[in-house]
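Everything on this sheet refers to the single structure shown next.
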């Protein structure tokens, strides 16, 4: 019974962490897409186009806190999963945590350059 309960708990923690990672990655992907649009300079951009891009960049800068919370939640969930998992799963969670941290750092640098 104890082994079964531990397995169910570990599965639940893994599912929660997977969901948190998916949400954080989706936020980065969606926000990066908007940032890419803002950075495009092909062709003539009129005043309205420039103002629209500046408005989106401002919104993205303001939403960084939301993204940081999602990232931090995913990393926290991964830590819980590492403690509840077998060594092979712990390695996977560590790798995913590092990848999410790297993606976040890269995205934040892109936003800073676009500003």
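The values are calculated or read from the model by the stated rules, or taken from the named source; none is laboratory data. Please read all numbers here as calculations on a predicted model, not as lab measurements. Because the Cβ atoms are built from the backbone with ideal geometry, glycine has one as well, and the counts that use them run over all protein chains shown.
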Just to be sure before I move on: is residue 101 within 24 Å of residue 114 (Cβ to Cβ) and part of a helix (DSSP H, G or I) in the structure I sent? yes
Which one of 91, 41, 36 is outside any helix (DSSP H, G or I) and out of contact with any strand residue (DSSP E or B) (no Cβ under 9 Å at 6 or more places or on another chain)? 41
If I filter the stretch 51-73 for residues that are more than 18 Å from residue 114 (Cβ to Cβ), part of a loop (DSSP other than H, G, I, E, B) and touching a helix residue (DSSP H, G or I) at 6+ places or on another chain (Cβ under 9 Å), do I get at least one hit? no
Failed item in (1) over 30 Å from residue 7 (Cβ atoms); (2) over 16 Å from the mean Cα position of the chain (by Cα); (3) at pLDDT 85 or above, with residue 49 passing the rest: (3)
Hits in the stretch 75-115 - residues which are under 14 Å from the mean Cα position of the chain (by Cα) and within 16 Å of residue 13 (Cα to Cα): 75, 76, 77, 78, 96, 97
Condition first: within 24 Å of residue 6 (Cβ to Cβ), at pLDDT 85 or above, under 15 Å from the mean Cα position of the chain (by Cα) and surrounded by 11 or more Cβ atoms within 10 Å (Cβ to Cβ). Can you find one or more residues in the stretch 56-74 that meet it? yes
Some residue of the stretch 18-36 being loosely packed, with under 14 Cβ neighbours inside 10 Å and over 19 Å from residue 71 (Cα atoms): yes
Any residue at all in the stretch 10-17 that's at pLDDT below 85 and either outside any helix (DSSP H, G or I) or surrounded by fewer than 14 Cβ atoms within 10 Å (Cβ to Cβ) (or both)? yes
So for the stretch 58-67 (the condition being in contact (Cβ under 8 Å) with a residue 60 or more places away in the chain and on the phi < 0 side of the Ramachandran plot), does at least one residue qualify? no
Residue list for the stretch 21-46, filter: within 19 Å of residue 109 (Cβ to Cβ) and under 9 Å from the mean Cα position of the chain (by Cα): 24, 25, 27, 28, 29
Matching residues, the stretch 75-115, being surrounded by fewer than 18 Cβ atoms within 10 Å (Cβ to Cβ) and under 20 Å from residue 57 (Cα atoms): 103, 105, 106, 108, 109, 110, 112, 113, 114, 115
Pull up the stretch 37-49, narrow it to residues that are surrounded by 12 or more Cβ atoms within 10 Å (Cβ to Cβ) and free of Cβ contacts under 8 Å to residues at least 12 places away in the same chain, then point me to the one that is nearest to residue 92 (Cα to Cα). 49
